[in-house]
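The values are calculated or read from the model by the stated rules, or taken from the named source; none is laboratory data. Values in this document were obtained by computation on a predicted structure and should not be read as measured data. Neighbour counts are summed over all protein chains in view; Cβ atoms, including those assigned to glycine, are modelled from backbone coordinates with ideal geometry. For accessibility, only protein heavy atoms count, side chains too; no ligands or nucleic acids. Shrake-Rupley method; radii C 1.70, N 1.55, O 1.52, S 1.80 Å.
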Amino acid sequence: MEYDYMACGGWFQCVQKWDEFTMNLPEGKADLANSDQRDDDVFVREIPSDAVEEAIAAAESCPADAIVIYDDGEQIVP
C-alpha cells in the first residue's frame, strides 16, 4: 500500500473505513500508522492479511485517490 500524504484532502473517509488511518487535524491530513516514509510525502506499508478488506475500503473511499493498493506488484485500487 502507498499513501500520498500531500494528495490527501483531509476528508477523513479513510479514517472511517480502517482504524490504521487517524485524523491529524493540525495538518488537515490523515496519518497512516505503522508506515515507512519512502519519498518526500509517500508512505508505504504492508497490509495485514486480516485487514485487506478494510484497507481496500479506505482506498476506495478516498476522493483524492491518495491511497493505492498493490497485490504482487500490480495496482488493484484505485
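Shown in residue order for region 18-31 are the 3J(HN,Hα) couplings computed by the Karplus curve 6.51 cos²θ - 1.76 cosθ + 1.60 at θ = phi - 60°: 9, 6, 7, 9, 10, 6, 10, 4, x, 8, x, 9, 8, 10 Hz (x for Gly and Pro). Per residue, the accessible area of the chain comes to 61 Å², computed with a 1.4 Å probe over protein heavy atoms only. Across region 37-48, computed HN-Hα scalar couplings (Karplus, 6.51 cos²θ - 1.76 cosθ + 1.60, θ = phi - 60°) run 7, 8, 10, 3, 10, 10, 10, 10, 6, 7, 9, x Hz from first to last residue, x flagging Gly and Pro. Split the accessible area of the chain by element, probe 1.4 Å, and carbon with sulfur accounts for 43%.
Between the amide H of VAL77 and those of ILE69, distances stay under 5 Å, these residues lying 5 or more places away or on another chain, with hydrogens modeled in the peptide plane. Measuring with a 1.4 angstrom probe and ignoring ligands and nucleic acids, GLU2 comes out at about 40 Å² accessible. Modelled label positions at GLN37 and GLU74, each set 7 Å beyond Cα in the direction of Cβ, lie 3.4 nm from each other. Proximity of backbone amide H atoms, modeled 1.01 Å from N, is registered between ALA30 and GLY10, ASN24 at under 5 Å, excluding neighbours fewer than 5 places apart on the same chain.
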